[in-house]
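In what follows, a structure is listed as C-alpha cells, so that the remarks can point back to it.
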Amino acid sequence: MAHFLIIDTSSEKALIGIGKGEHILAQRQNIETQSHANFVQVAIEECIKETGLSLAGIDAIVVTMGPGSYTGLRVGLASAKGLAFALQKPLIGLSTLQLLATAAQQTEAGKNLSKEGHIFSMIDAKRMEVFGAIYTPTLQVVEMEQPIILSMTYMQQWSKTPLLCIGSGVAKTQTSIETENVHYLTENYTLTHCLQLANQKWAQKDFEDLAYSIPAYLKDFYQKPVESKKI
C-alpha cells in the first residue's frame, strides 16, 4: 500500500497528514488562516518524524486543488509541486467539492438518501454565491463545479427530490429555501476522506501535470486597487 503526504490549505483550517491504506498515521492542523504558509513545512516535518518515515519513503504528494481560498490554494499547490518535483513523486489533486460530497455520502443521511436524491457540495463565495457541484448518491457528477447564485428558482429546481447540502455555503442556503426535501449537514471532510480519494486516484494512475496544473479557482480573483497616497 502506498504512503501519501496530504496537504490541504484550501480553507480557514489547514490539514497536513500522512496516510497509508485506510489509516491516517500522523496529522496536524492549523486554524490561523494567515499563517498557513509557515505552518505547512513545519507540520510536514513533524508528521514525517512522528511516523518514522523519510520524505523519500512517501509514494505520492496529495493536495486539494480547490475551489477554496485563493491564497490558501496557491500555498498548498506550490508546496505540493515543490515536493513532488524535488522527490520525483506523482502529484495527486483532489477536488474540495468532491471531498464534501464523499463526506456527505458517508453520513447517516447520505446512506439513507434515495436514488432520486442529490448531494449539493457548496463552498461560500461571498454574498449569495457559492462554488458548488451536485452529485448523485453514488457521487456521479450531475452539475459540474461552477460559481452558483443561490436564487429561489435555482434551489427549487433541485429540491423537487431529496437534497443534501454540505459545506461552508450551507448557512446562506438555509435562508434561500426551507422545505422538507432539503437537508443541511454540518459535517466537513477530513483527512480520511482525502486518503480515500487519493487511493482511488493512485489505483487509476490519475496524476496531475507538475508543469501545467493550477488551482480550481472557478472565477477570477479580484484585488482592490491600492489607492495612491497624495503628496
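Laboratory data are not the source of any read-out in this text; all were calculated from the coordinates shown. The shown structure was predicted, so the numbers you read here are calculated from the model rather than taken from an experiment. Please note: Cβ atoms are built from the backbone with ideal geometry, for glycine as well, and neighbour counts cover all protein chains shown.
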Could you work out [θ]222 nm for the chain from helices alone, using -39500 (n - 2.57) per DSSP H run of at least four and dividing by all its residues? Round to the nearest 500 deg cm²/dmol. -9500 deg cm²/dmol
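Out of the DSSP beta bridges found with both residues in the stretch 108-185, what percent are antiparallel (nearest 5)? Could you put the intermediate results ahead of the total?
Numbers: 12 of 20 bridges.
Bridges in the stretch 108-185 that DSSP calls antiparallel: roughly 60 percent.
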Reachable aspartates and glutamates, given that their alpha-carbon falls under 13 Å from the alpha-carbon of LYS205 and they are not under 8 places away in the same chain: ASP59
Would you pull out the residues with amide H under 5 Å of SER11's amide H, same chain only if 5 or more places away, H placed 1.01 Å from N? SER69
Put in order of increasing Cβ neighbours within 10 Å, starting from the fewest, GLU180, GLU32 give GLU180, GLU32
Give me the angle, in degrees from 0 to 90, between the Cα long axis of helix 191-204 and the longest principal axis of the Cα atoms of the chain, rounded to the nearest 10. 80
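Excluding SER114 itself, calculate the net charge of residues whose Cβ lies under 15 Å from the Cβ of SER114, where each Lys or Arg counts +1 and each Asp or Glu counts -1. It would help to have the intermediate numbers written out before the result.
On the way: positive: LYS111, LYS115, LYS160; negative: GLU108, GLU116, GLU180.
The answer is 0.
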When every alpha-carbon pair in the chain is counted, what percent end up more than 30 Å apart? 28
Which entries in the list LYS13/LYS172; LYS115/LYS219; LYS20/LYS126; LYS20/LYS81 go over 30 Å, if you measure between the two C-alpha atoms of each? LYS115/LYS219; LYS20/LYS126
Global size of the stretch 108-185 as Cα Rg and Dmax, reported in angstrom: 11.3, 32
Enumerate the aspartates and glutamates that LYS49 could reach by cross-link, defined here as Cα to Cα under 16 Å, with residues fewer than 8 away along the same chain left out. none
